[in-house]
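Shown next, in structure tokens, is the structure this report addresses.
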Amino acid sequence: MTWHVPITFAVDDLIDETMMNQQVRDNIAHLGGMKFAEVALSALASGVSAARIAVGSYTGNGGTTKAITGAGFQPKYVVLWAKTAGSWLVSKTSQDGLYSRVADNNYEVDHIISIDADGFTVGDGTGASRGNITNYNAIGYAWIAFG
């Protein structure tokens, strides 16, 4: 099995299972019951299924939209969160249309507004009950994308 993590390692490095950092495995396992292609994400840490994975971070700019690039592939599933206390976990699959899932299982618009060829685009939460939780000005965010 091969893991693709272009942000942590050199671009296009392929890391085999024996080289996988235990912290990365723990982070994937922590995602628990969330699923990618009908396989629990925690199963990816144990080698049940192969996937391309990219991780990264960005700083919100408060704008209407912000493109986040650098995944190295078009994701099928993206999870992101603010690097602040009390932040929401937001996720989106390539089949969610305009909606993103927020940690309490509600679907809302204008959080992760699209999945793109090299990453995804976040919005300002306009029209969402929680407001801007994915592109607030000067707030740091972390993300993980599965392809």
Would you tally the residues in the range 127-140 being open to solvent by less than 30 Å² (accessible area, probe 1.4 Å) and either farther than 16 Å from T64 by Cα or free of Cβ contacts under 8 Å to residues at least 60 places away in the same chain (or both)? 4
Among the candidates D96, D124, residue that is open to solvent by less than 80 Å² (accessible area, probe 1.4 Å) and either without any contact (Cβ under 8 Å) to a residue 60 or more places away in the chain or of a type in the set (A, V, I, L, M, F, W, C) (or both): D96
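The values are calculated or read from the model by the stated rules, or taken from the named source; none is laboratory data. Since the structure is predicted, the reported quantities are computational estimates derived from the model, not experimental observations. Cβ coordinates were reconstructed from backbone atoms using ideal geometry, including for glycine residues, and neighbour counts include every protein chain displayed. In case anyone asks, the SASA skips ligands and DNA or RNA and just uses the protein heavy atoms, side chains included. Shrake-Rupley method; radii C 1.70, N 1.55, O 1.52, S 1.80 Å.
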